[in-house]
1. Test A:Lys41 against the stated conditions and say whether it is away from every other protein chain (no Cβ under 14 Å), surrounded by fewer than 17 Cβ atoms within 10 Å (Cβ to Cβ) and either closer than 23 Å to A:Gln124 by Cβ or within 16 Å of the chain's Cα centre (by Cα) (or both).
2. Among the numbered criteria (1) touching a residue at least 40 places away in the same chain (Cβ under 8 Å); (2) within 12 Å of chain A (Cβ to nearest Cβ); (3) not hydroxyl-bearing (Ser, Thr, Tyr), which one does B:Glu129 miss?
3. For the list (1) modelled with pLDDT under 95; (2) in contact with a Gly (Cβ under 8 Å, 6 or more places away or on another chain); (3) among the charged types (D, E, K, R), I need the number of the one condition that A:Asp80 fails.
4. Whether any residue in region B:94-116 is open to solvent by 30 Å² or more (accessible area, probe 1.4 Å) and either over 30 Å from A:Lys102 (Cα atoms) or away from every other protein chain (no Cβ under 12 Å) (or both) is what I want to check.
5. Could you figure out which of (1) of a type in the set (S, T, N, Q); (2) within 9 Å of another protein chain (Cβ to nearest Cβ); (3) open to solvent by less than 30 Å² (accessible area, probe 1.4 Å); (4) without any contact (Cβ under 8 Å) to a residue 24 or more places away in the chain isn't true of B:Ser75?
6. Quick check on region A:1-38: of everything there that is among the aliphatic types (A, V, I, L, M) and surrounded by 13 or more Cβ atoms within 10 Å (Cβ to Cβ), which residue is farthest from A:Gln70 (Cα to Cα)?
7. Quick one: how many residues across region A:101-132 are more than 21 Å from B:Leu156 (Cβ to Cβ) and within 14 Å of another protein chain (Cβ to nearest Cβ)?
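The values are calculated or read from the model by the stated rules, or taken from the named source; none is laboratory data. Nothing here was measured: the structure is a model prediction, and the numbers come from that model. Please note: Cβ atoms are built from the backbone with ideal geometry, for glycine as well, and neighbour counts cover all protein chains shown. Each accessible area value is taken on the protein alone, full model and side chains, heavy atoms only, with ligands, DNA and RNA left out. Shrake-Rupley method; radii C 1.70, N 1.55, O 1.52, S 1.80 Å.
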Amino acid sequence: MSNFEDADTEETVTCLKITVYHPGQLQSGIFQSIRFYNREKLPSSEVVKFGRNSNICHYTFQDKQVSRVQFSLQLFKKFDTAVLSFEIKNMSKKTSLLVDNKELCYLNKIDLPYKCMVRFGDYQFLIEKEDGESLEFFETQFILSPRSLLEENNLPLQKPIPEYGCYPSCSTQNTFPTEMDESEL
Amino acid sequence: MPSSDLPWPAPSCSRELTAAGSQPDVPLAVRLPSMEKPLTVLHVSLYHPTQDPDTFANVPLKLQHDASPLLVGRSPDAHLQLQLPRLSRRHLSLEPYREKGGTLLVFCLKVLSRRGCVWVNGLTLSFLEQVPLSVVNRVAFSGIQMVIRVEQGTSLEAFVCCFHLSSSPLIHRPQAEETDEWDGQLQEQPSPSSGQRAPYHLGLLHGPSQPSPGGGPETQLQKAPSARMLC
């Protein structure tokens, strides 16, 4: 520790920018224990837990629908490379976790892409990784989004698909109007 | 957090108790009482060349642990506490998880020591590196030799570690093989491409894993890893 503090050269630190949104965030205070916009430095070996139980979790949500531990994040280094990556693991037995469109069940884990959308229930997290050199620490920074992140990113999931209609084979390149009604068919 | 922390008896009788308590004919996962689903069991054999009783003084016979990573190190808050000055307070972790679509617990080993490395099945891992474990795993760090055998149960709530202290090395380095026979071969073939190292590493990774005549977990290697590789 002291070696690090005495070092002349300052290292950049890997940072996870986490933009959060929940439809009830203004009324219920579910994010009241999260300090937004501040960067928090954490030891690189720490397994960061998110959930309802403040004795176990580093970041808590004041919401009875959230599991005591909902999910965890941890840094790791790919074997024989200098690349630091994050892993996300679903710790909830009841609720599955969506990382982009991949579903994680209890104790499933996956490497986080550089930018991804993590969801469970009504919670939305846009997680973006900034690379850094330090092996000692990483940082987190939370940002509160005033509006749904799914709409902002216009994810394919949000595009309505009529039950008896046909839809383009590649929906990501769909330039047609995104609002449709089955009765219009 | 460990919910069962049985004290390890005096080293002189510990091995005897371990031997007497083992029932190789019946899987331990089946024998554990009052569990709805059998727990996955990690059979962990430990050896240190100094045979200092203090090294493993805080190692329990059996340790039940939840689905969080199990910490191994010198720190009092490590779940498996080993008393070695060269060991980091948190040296490594054994993390249970589930493969996508899998129903049983599997494990990965992650190095938490900034200074020390950990040798796992032929790979030398450094800080923050991790590898998945297979059924039988050879692990070495800070002079400690460890063989982990995974006996899968269906419970996802917790797992059990059963520890066994070995009086003989688990990863053998026969004196006769300490010559640089392989090095000589490498020198004779002056094309040390990456392929040259492959058979050596594969030998360590996939070498025959034969139980000792007594049914113990000792692992014989075709070619012993060097001291450097054993960290």
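1. Numbers: away from every other protein chain (no Cβ under 14 Å): yes; surrounded by fewer than 17 Cβ atoms within 10 Å (Cβ to Cβ): yes; either closer than 23 Å to A:Gln124 by Cβ or within 16 Å of the chain's Cα centre (by Cα) (or both): no.
Answer is no for this residue.
2. Every listed condition holds for B:Glu129 apart from (1).
3. (2)
4. Yes: one or more hits.
5. Answer for B:Ser75: the failing condition is (2).
6. So in region A:1-38, the residues among the aliphatic types (A, V, I, L, M) come out as A:1, A:7, A:13, A:16, A:18, A:20, A:26, A:30, A:34.
Still in the running and surrounded by 13 or more Cβ atoms within 10 Å (Cβ to Cβ): A:13, A:16, A:18, A:20, A:30, A:34.
Details: A:Val13: 26, A:Leu16: 18, A:Ile18: 16, A:Val20: 15, A:Ile30: 14, A:Ile34: 15 Å.
Here the residue is A:Val13.
7. Looking only at that region, the number is 3.
A quick yes/no check of all residues on (1) farther than 30 Å from B:Arg115 by Cα; (2) of a type in the set (Phe, Trp, Tyr):
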| residue | (1), (2) |
| --- | --- |
| A:Glu11 | no, no |
| A:Lys17 | no, no |
| A:Gly24 | yes, no |
| A:Gly29 | yes, no |
| A:Phe36 | yes, yes |
| A:Phe50 | no, yes |
| A:Thr60 | yes, no |
